[in-house]
Amino acid sequence: MNLDPNWPRAAALFTDDPTAMVALLGVPAHQTSISPTRADTTPQAVREALLRFSTYCTSHDQDLRELAVFDAGNVNGPDHAQGEQRVQEKLRELADKFVIAIGGDNSITYSVATGIWGSQINSAGLITFDAHHDLRDGESNGSPVQRLVRAGLNGANIVQIGIADFSNSPKYAQRAKDYGITVIPRSELRDRSAKSVIAQALEIAGSAGGPIHVDFDVDVCDRSVVPGCPAAAPGGISADEFRNFAYLIGNSPQVTSVDFTEVDAQADSPDGRTVRLLAVSILELLCGFINCQTS
């Protein structure tokens, strides 16, 4: 790839300087996934995809080179109890930063959020962008929200955005109601502005005054734009909607950490559209973060 010094690439944002205020961490979990996946290959694929994008956001006239991002590498073997403990320990090391975790499957939301929150879990809030409730029993990519509630997260401080029709069961939908979880289904998003949705989600998730973690399960998107998400269905949100939500979350001071999950880089289309969407959404998030810091 030819490099033009007048066209800086987004990969240049990432540094090995641990004093940076933002950290990127790969959490390549995949062993407990309900469906076989090679989501463990995604963190590296995303880093490579960042070479495809520049550092400049035209919409906001913003050059991301104002911000340095510490690349904290990948957590080795993040699955199962011992692996999740390694994730939690790593997150405690990064607790003073805005953390972006790249999965891996959706099981990482449990270890990443608990690692960030620690003893604050009772006052913490969770926002998920997901086609699914993730309220299954056991330990898998279908259970992180259930595990967080059992660990002490108040269901009244959880907001689930983009829940899809014909992608969940009546039992888990009822479980969400029983926990007091606020569900904003895909159908509701058609008639509301993204800003109003995020404002509502932040008010609910932040009502106890604690830190907010946001889970971007990429299978919330329409299957046509995310062929690398095995559980994505037709009719999900568009790539543009997903990018806009990422910007708005980055621009929210209550949010202290996010994760991007459920992309299998090896199952992606030849044009790499799923991995590229994840990569550019990280840039949208960072643009929102910079504007939040300077406003």
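Quick notes on this structure:
- Summed over segment 115-127, residues that are in contact with a helix residue (DSSP H, G or I) (Cβ under 7 Å, 6 or more places away or on another chain) and either within 19 Å of Tyr179 (Cα to Cα) or not in a helix (DSSP H, G or I) (or both) total 5.
- The numbered conditions (1) in contact with an Asp or Glu (Cβ under 7 Å, 6 or more places away or on another chain); (2) surrounded by 20 or more Cβ atoms within 10 Å (Cβ to Cβ); (3) more than 18 Å from Val280 (Cα to Cα) are all true for Ala246 except (3).
- Residues being touching a residue at least 60 places away in the same chain (Cβ under 8 Å), surrounded by 19 or more Cβ atoms within 10 Å (Cβ to Cβ) and closer than 19 Å to Thr32 by Cβ - total across segment 137-180: 4
- Every residue from segment 56-94 that is under 18 Å from Ala113 (Cα atoms), of a type in the set (S, T, N, Q) and either in contact with a His (Cβ under 7 Å, 6 or more places away or on another chain) or buried (at least 18 other Cβ atoms within 10 Å of the Cβ) (or both): Asn74, Gln88
- Residue, surrounded by the most Cβ atoms within 10 Å (Cβ to Cβ), within segment 214-228, restricted to residues that are among the charged types (D, E, K, R) and closer than 15 Å to Ile163 by Cβ: Asp215
Yes/no matrix, rows are residues, columns are (1) touching a Leu at 6+ places or on another chain (Cβ under 9 Å); (2) touching a residue at least 60 places away in the same chain (Cβ under 8 Å):
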{"position": "Asp191", "(1), (2)": "no, no"}
{"position": "Lys195", "(1), (2)": "yes, no"}
{"position": "Glu203", "(1), (2)": "no, no"}
{"position": "Val214", "(1), (2)": "yes, yes"}
{"position": "Cys221", "(1), (2)": "yes, no"}
{"position": "Pro227", "(1), (2)": "no, no"}
{"position": "Pro230", "(1), (2)": "no, yes"}
{"position": "Ala233", "(1), (2)": "no, yes"}
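- All positions within segment 92-114 that are under 15 Å from the mean Cα position of the chain (by Cα) and assigned to a helix (DSSP H, G or I): Ile108, Thr109, Tyr110, Ser111, Val112, Ala113, Thr114
- Tally, over segment 246-279, of residues that are among the aromatic types (Phe, Trp, Tyr) and touching a strand residue (DSSP E or B) at 6+ places or on another chain (Cβ under 6 Å): 1
- Condition met for Ser281 (of a type in the set (Ser, Thr, Tyr), modelled with pLDDT of 95 or more and in contact with a Pro (Cβ under 9 Å, 6 or more places away or on another chain)): no
The values are calculated or read from the model by the stated rules, or taken from the named source; none is laboratory data. Since this is a predicted model, take the numbers as computed values, not measurements. Cβ sites come from the backbone with ideal geometry, for glycine too, and all protein chains shown count toward neighbours.
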